[in-house]
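Participant: Shown below is the structure under consideration.
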Amino acid sequence: MASVTLEGTSKKFGDFIAVRNMNLAIKDAEFVAILGPSGCGKSTTMNMIAGIEDVSAGTIRFDGTDVTNVPMKKRGVGFVFQNYAIFTHLSVRKNLAFGLEVRGEEQAEIDRRVGEMAEFMELSHRIDAPSVSLSVNELQKLAIGRSAIVEPSIFLLDEPLSNLDSAFRERMRSDLRQLQRSLNQTMIYVTHDQIEAMGLADRIAVMDHATLQQFDTPENIYSRPENTFVAGFIGAPSMNLVRVRIAERGGAMFADLAGREADAVALDERLARQARASGAAALTFGFRPEHLRISDQPGNGSLAAQVVLVELVGRRKHVHFSTGQTGFVGSFDRGVSLRPGEAAHVSIDLRKSHLFDPETGLRLRLGEED
Amino acid sequence: MTGLILRTLAVAFFAALALLPISWMASMAFKPAAEWTSAAGTLTFLPKDPTLNNFRYVFTGNSPDQMVGLDRTVWRPLYASLLTAISGTLIAVICGTAAAYAVSRQRIHESIGLSLLQLRIFPPLAVMIPVMIMWSFLGMIDTWWGLALIYGIVTLPFSYWLMKAYFDELPREIEEAAIVEGCTPFEAFRQITLPIVASAVASTALFIFILNWSDYLIALLLTRKEWTTIPVYMNALATAASGQLYGAKAALGLLAAVPPIILGISIQRFLVRGLTFGALKQ
């Protein structure tokens, strides 16, 4: 069993920085997803952990032992590649047995474990088929099975499910989770699919532009994003991030949307304290589409807005609002009746909203537990 | 329907055009000396009086058709051709594959590929005359290894570029997967990469063998008598009594086509399997 620690790890390709000063402490038997848009450095991070890429600076430790300069053949990690990297000239059985044969296991033991893994991955009926004849779904299962069969204590998966159809992907997700639990492995999983990351991982490392943005539980990533990137990246539709002017009127703090006093949101105590502590005149106000409420009467602290566009997405209705100066999106139960052109009174759940520094993008916070 | 007929006719026409010299050669190989040219009367496509004398002549040096015997039979040039073409092919395929793999995988300067092409940029004579001088200086003229070496060198760019294209296409993840499982990089190359590119190596080898086998210019410049190859020997097939020995040449031409065909058939399994590289998502 093993923990994985990255300390100040960086990777440069010439002048291009692929990963910048990464600090990540992954606990033993933890399921961690590395999530980010394409080209953010998540695969490079994974390759450095596996030893496929050497690091330009910093340290990688497995269970406290420095493995930075240990060649990949000796790191003993399992790795499932995005393109599966199946040995096409070998049969399914030979592919599964490969790692065990390299390790010099007894033939009887190899046969037993190959049989078990084929059973678990539902490949038993294709066991002697040439691997080129498999379907994409079967290739996927074979790729995972081939790596999992040696029971590596650290198991790395690079976007393994991105090419599968959605029904099979759901199946594989739960199979992976089951595999990770049964082998008690440390699993690191690279994906650009936030639903996959939110559903599978114990903790998520969100990356953008070669830099780790936040490393936290799915719940915290969603409800307490570290900065505007995480706020905007997680959730569909993503969090509304609106420029506001902070003003104090009659002892109360207001956030004026797009600087217009007519579109003011009265801040609650927590947000008011944060705004006051920052001392900034302009901030970014972040609120999730799910945290809006609609009423037909102007209420306490509600905004007058016009409905611009209504989209039906599954059982939800995504409504685009405009105040004239700025716009935002709300997500409602599909029962809500709003039509383009109508006026609506929208109130925001301030307890679940955040203020961000427009310069650094960081979320304002007062204490550690804020 | 008419389209299909027209297309078939067009294909048949061009096929006939391409096959005409070959079939002429095949027919000529079985003609007695009197039928080689129109001197004896009319020139016919098929031999009127088929004979194996032309083959007998090149293999034994004597023929009932010919008054004068050949001072050299085909055996020695055949041996020379096989030895030099095969050795040259081995040199080019082994070195070219190794170089292509290294450049494709190790992020080595790719300019090596262009510098290999230097030999091919100039007209062959411009390159081969200096080589002849060097070979002469090194005492490698009219040796089988001197000829094999230059065959290996001039065909190296082909094997390098062909193999590099295959290696570039083969995802490195396949080897990385083997190494992550505990192989050394060399084991990964031998157990995984090489079997997967075996078909590519086979087709490259066939292509290079045919180039070497059919070379005339290099063998003409770098051999004298001991190690002349079939094309050079064929050109010299003439006697004072009969002039150019067309029938013997045709018989030899037919024989010279045999090794590439045998090789092609024996590696057909690799050639037709196609290059189904790495089971990838794409």
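The values are calculated or read from the model by the stated rules, or taken from the named source; none is laboratory data. Please read these numbers as outputs of a predicted model, since none were measured by experiment. When we count neighbours, we look across all protein chains shown, and the Cβ atoms used for this are built from the backbone with ideal geometry, even at glycine. We work out accessible area using only protein heavy atoms, side chains counted, and drop any ligands, DNA or RNA first. Shrake-Rupley method; radii C 1.70, N 1.55, O 1.52, S 1.80 Å.
Participant: Residue by residue through segment A:127-137, note down the ones that are in contact (Cβ under 8 Å) with a residue 24 or more places away in the chain and within 13 Å of chain B (Cβ to nearest Cβ).
Facilitator: Scanning segment A:127-137 gives A:A129, A:P130, A:S131, A:V132, A:L134, A:V136, A:N137.
Participant: For segment A:164-181, state whether one or more residues are in contact with a Gly (Cβ under 8 Å, 6 or more places away or on another chain), of a type in the set (D, E, K, R) and modelled with pLDDT of 85 or more.
Facilitator: yes
Participant: Still on this structure, please answer the following. Quick check on segment A:84-98. Is at least one of its residues among the hydroxyl-bearing types (S, T, Y) and modelled with pLDDT under 90?
Facilitator: There is at least one residue in segment A:84-98 that is among the hydroxyl-bearing types (S, T, Y) and modelled with pLDDT under 90.
Participant: Within segment B:184-196, is even one residue without any contact (Cβ under 8 Å) to a residue 12 or more places away in the chain, assigned to a loop (DSSP other than H, G, I, E, B) and open to solvent by 20 Å² or more (accessible area, probe 1.4 Å)?
Facilitator: There is at least one residue in segment B:184-196 that is without any contact (Cβ under 8 Å) to a residue 12 or more places away in the chain, assigned to a loop (DSSP other than H, G, I, E, B) and open to solvent by 20 Å² or more (accessible area, probe 1.4 Å).
Participant: On to the next question. Kindly check whether there is at least one residue in segment B:259-273 that is modelled with pLDDT of 65 or more, farther than 18 Å from B:Q66 by Cβ, within 14 Å of another protein chain (Cβ to nearest Cβ) and surrounded by 13 or more Cβ atoms within 10 Å (Cβ to Cβ).
Facilitator: Yes, segment B:259-273 contains a residue that is modelled with pLDDT of 65 or more, farther than 18 Å from B:Q66 by Cβ, within 14 Å of another protein chain (Cβ to nearest Cβ) and surrounded by 13 or more Cβ atoms within 10 Å (Cβ to Cβ).
Participant: Can you tell me how many residues within segment A:114-129 are outside any loop (DSSP other than H, G, I, E, B) and either of a type in the set (G, A, S) or in the same structural domain as A:L183 (by TED's automatic domain parsing) (or both)?
Facilitator: Final tally of qualifying residues: 3.
Participant: Among the numbered criteria (1) surrounded by 15 or more Cβ atoms within 10 Å (Cβ to Cβ); (2) without any contact (Cβ under 8 Å) to a residue 40 or more places away in the chain; (3) within 30 Å of B:V197 (Cα to Cα), which one does B:A92 miss?
Facilitator: Failed condition: (2).
Participant: Keeping to segment B:148-183, report how many residues are within 13 Å of another protein chain (Cβ to nearest Cβ), in contact with a Lys or Arg (Cβ under 6 Å, 6 or more places away or on another chain) and in a helix (DSSP H, G or I).
Facilitator: Count: 1.
Participant: In segment A:69-112, which residue that is of a type in the set (V, I, T) and assigned to a loop (DSSP other than H, G, I, E, B) is farthest from the other protein chains (Cβ to nearest Cβ)?
Facilitator: Of everything passing the filter in segment A:69-112, A:V70 is farthest from the other protein chains (Cβ to nearest Cβ).
Participant: A:A33 - would you say it is more than 10 Å from chain B (Cβ to nearest Cβ) and under 30 Å from A:G115 (Cβ atoms)?
Facilitator: no
Participant: Something else about it: Surrounded by fewer than 21 Cβ atoms within 10 Å (Cβ to Cβ) and in the same structural domain as B:A100 (by TED's automatic domain parsing), is that true of B:S203?
Facilitator: Considered against the rule, which asks whether it is surrounded by fewer than 21 Cβ atoms within 10 Å (Cβ to Cβ) and in the same structural domain as B:A100 (by TED's automatic domain parsing), B:S203 comes out as yes.
Participant: Residues in segment A:2-28 that are open to solvent by 30 Å² or more (accessible area, probe 1.4 Å) and at positive phi: how many?
Facilitator: Result for segment A:2-28: 2.
Participant: Which residues, counting only those in segment A:48-68, are without any contact (Cβ under 8 Å) to a residue 60 or more places away in the chain and either small (G, A, S) or within 14 Å of chain B (Cβ to nearest Cβ) (or both)?
Facilitator: A:M48, A:G51, A:I52, A:E53, A:D54, A:S56, A:A57, A:G58, A:V67
Participant: On to the next question. Is at least one residue of segment A:25-32 in contact (Cβ under 8 Å) with a residue 24 or more places away in the chain, part of a helix (DSSP H, G or I) and not polar (S, T, N, Q)?
Facilitator: no
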